[in-house]
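Provided herewith is a single structure, encoded as structure tokens, for subsequent inquiry.
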């Protein structure tokens, strides 16, 4: 179910789309709901070379009139049929870059519902992450060995890293996420069957069979000749 504010937003967008669509260059109306309760309208402008969608026009209007009033929700309506439509991929990315938590009204089999832009774009390009250290995701069971220094290496498959700053990330079954600042000191490309007992010890295991058992758990189907990366790291913050 929609909130009363979002029902009004859908009504406003539908009315605007009905009034202004021309079955040609202007067919989609979009409405933004802001933090203060304002409604900001936009209309698409089709051109064979490309043109702004209704959501982009509404965002431009928002930037020109009340940029200090954050956008909280958006809905787009197709004028000829007056149906709520989902934002295109480009609009999803633009909205995500503004705020991944903006809610979008979409039509589902159960009727009109809302989803965050993050939910509509589950694997987005996020420019903000390019300025962050590389994230190395670890099984939570390794946290103790890493903090004690017993484990200072990880074997990765199709998960490339480079020497430099990193964050070791533990996403726990409890829902808690723990991060430990670290630095990748070296990356060695090899094959699984070339791993040594020294690799096993550096990885926190007693011997090579234990390491191979863990690899079978984490990477089912990994063959003896398959490529692996041996990633060595050190903690940069006292555990």
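What follows is calculated from the coordinates using simple rules that are stated; it is not laboratory data. Since we're looking at a predicted model, the values are computed, not measured. Cβ: placed from backbone, ideal geometry, glycine included. Neighbour counts: every protein chain shown.
Return the calculated 222 nm mean residue ellipticity for the chain, to the nearest 500 deg cm²/dmol, obtained by summing -39500 (n - 2.57) across DSSP H runs with n ≥ 4 and dividing by the residue count.
-8000 deg cm²/dmol
Starting with the fewest neighbours, write out 234, 147, 128 ranked by other beta-carbon atoms found within 10 Å of each beta-carbon.
Fewest-to-most ranking of 234, 147, 128: 128, 234, 147.
Is the shape of region 4-120 rounded, prolate or oblate, going by the alpha carbon gyration tensor and its root eigenvalues a ≥ b ≥ c, with a/c under 1.5 for rounded and a/b larger than b/c for prolate?
It comes out rounded by the Cα gyration axes.
Cut-off 10 angstrom, C-alpha nodes, Gaussian network model of the chain. Which of 31, 194, 63 fluctuates the most?
194
Kindly identify region 101-187 as rounded, prolate or oblate by the Cα gyration tensor criterion: order the square roots of the eigenvalues as a ≥ b ≥ c, call it rounded if a/c is under 1.5, otherwise compare a/b with b/c, prolate if a/b is larger, else oblate.
prolate
What order do you get for 172, 151 when you list them from fewest to most C-beta neighbours inside 10 Å?
Neighbour counts put them in this order, fewest first: 172, 151.
Work out the FRET efficiency for residue 235 and residue 207 from their Cβ-Cβ distance, taking R0 = 25 Å, and round it to the nearest 0.05.
0.55
For Kirkwood radius over Cα pairs in Å, pick the label among (1) 20.0; (2) 21.5; (3) 19.4 that corresponds to the value derived from the coordinates.
Among (1) 20.0; (2) 21.5; (3) 19.4, the one calculated here is (2).
With a 10 Å Cβ neighbour count serving as the proxy for reagent exposure, in which order, fewest first, do 137, 78, 125 appear?
Least crowded to most crowded, the residues run 125, 137, 78.
Any idea how far apart residue 97 and residue 186 come out in nm if each label point goes 7 Å out from Cα toward Cβ?
4.1
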